[in-house]
Amino acid sequence: MWIYLDNNATTRPLDSVVEAMRPFLGDQYANPSSFHKFGQDVRCAVERAREQVAALIGADPKEIIFTSGGTEAINLAIQGTLAALPTRRRLITSAIEHSAVHRLAARLAREGYDIDEIGVDRDGRLNLAELEDKITDDTALISVMHANNETGVVFDVRRICEIAERHGIRVHIDAVQSVGKIPVAVDDFPVHLLSLSAHKMHGPKGAGALYIRRRTRIAPLTTGGRQERDLRPGTENVPAIIGFGVAAEDAANTSTEHIDRIRALRDDLEARVKAAIPITHVIGAAADRLCNTSNIGFERLQAEAILILLSERGLCASAGAACSSGSLEPSHVLRAMGIDPVVAHGAIRLSLSRFTTPADIDRTVEVLTEVVKRLSATMPAHS
Ligand code: PLP
């Protein structure tokens, strides 16, 4: 029924993921920390999932800590580092982070930490010279994203990690949007901490992971049992972890053919929308972008109005980050990129997946063209 182009918000779980989870929602309900064989069988399944997630990013299973999702992994990485390095009071981050980092940084600033926010250029690329300048002896951590959730623009994490390594500074990468879409191997760059989320890669909601490189010390955020090497106490969300493992294995085995096919569909969509609608601006188009993401601004329009009409016609899209839609403010990401507010107010995000078909793209071009033309004719000019 729906044409679902909101895959950066969440993805459809694979059938194999749902099937693998089913026993753990029913018969296989034992606690993986229990001593009996019933519990230990479930422990084996959790450890198998840890191996699958580790294999996806080239990590050792011992370096994977399961969490409830990307947000918790990010909080554990940042707050856990600050607690483990109490003499260092500075955090470096970028101006276009997801709210899991952005709002946490704002809270830390209110608590007395110094936050250095690195800017981006008009295409969303990080200013690396500024990054190097901002590093001080007091810097505890550099936390930046790999791929931006609103624009799909990919940061050069290898260069970021190399700069940090020269200064002996720890790096956390929010790889929630990149893992499963582009190859990410933790041995390719000297990263210490990296956050992942199952539901962005055709896994279930409620599972994520923090990769913690060997010998990187962090403090837990919560206190309780001894699960997850004392770093994430509480009985594990076993069904979601099992589903995460299957999604990770599937992503690891997915050939680049998928990526090429999705990119071709995305590029076709953008070319046809630009040809049909002259007021179209593709945001971040000159930068390295995820294959599935398109952020398109329509001059003088309001994203919310476009999204309502698209939704009425069966098309799911977003205005920037899912959690910021509903507000009429243009996103902090587009603002930091210096996108003209006349364009930013009318920017929508279309994010594809392996389930997107050429017919979906045909229909999207048709519906979007009709909606934008209709709104352009009726909406007053935006001042
Ligand atoms: N980081 C990025 C870049 C994201 O896009 C998201 C979710 O949209 C998150 C973090 C938060 O992940 P989760 O929804 O698993 O908490």
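The values are calculated or read from the model by the stated rules, or taken from the named source; none is laboratory data. Because the structure is predicted, anything quoted here is derived from the model rather than measured. Neighbour counts run over all protein chains shown; Cβ positions are idealised from the backbone, glycine included. Calculation scope for accessible area: heavy atoms of the full protein, side chains included, ligands and nucleic acids excluded. Shrake-Rupley method; radii C 1.70, N 1.55, O 1.52, S 1.80 Å.
Quick notes on this structure:
- At R0 = 22 Å, FRET efficiency that the Cβ-Cβ distance of Arg215 and His167 yields, to 0.05: 0.75
- Within-12-Å neighbourhood charge of Glu130 [Cβ basis; K, R +1; D, E -1]: -3
- Computed label-point distance, nm, for sites Glu329 and Arg226 using a 7 Å Cα→Cβ extension: 4.6 nm
- Accessible area (Å², 1.4 Å probe, nearest 10) - Val191: 0 Å²
- Relative to the longest principal axis of the Cα atoms of the chain, helix 238-253 runs at roughly 60 degrees.
- Nearest 10 degrees, 0 to 90: helix 256-276 Cα axis against the chain principal axis: 30 degrees
- Debye log10 I(q)/I(0) for the chain, one point scatterer per Cα, at q = 0.06, 0.14 Å⁻¹: -0.24, -1.19
- Once the Cα-Cα distance is subtracted from the 0.36 nm per residue extended length, the Arg110 to Ala377 segment shows a gain of 91.6 nm.
- Inter-label distance, nm, simple model (7 Å from Cα along the C-beta direction), Arg48/Glu132: 4.9 nm
- Which of Ser197, Ser68 is most accessible, then next, and so on - probe 1.4 Å: Ser68, Ser197
- Accessible-area ranking of Arg354, Arg226, Arg166, largest first, probe 1.4 Å: Arg226, Arg166, Arg354
- Whole-Å distance, taken between Cα centres, linking the stretch 31-46 and the stretch 239-313: 40 Å
- Our estimate of slack between Lys37 and Glu366, defined as 0.36 nm per intervening residue step minus the Cα-Cα distance, is 112.7 nm.
- The chain: angle of helix 303-312 to the longest principal axis, Cα-based, in degrees nearest 10: 90 degrees
- The listed residues Glu249, Glu329, once ranked by accessible area (1.4 Å probe) with the largest placed first, stand as Glu329, Glu249.
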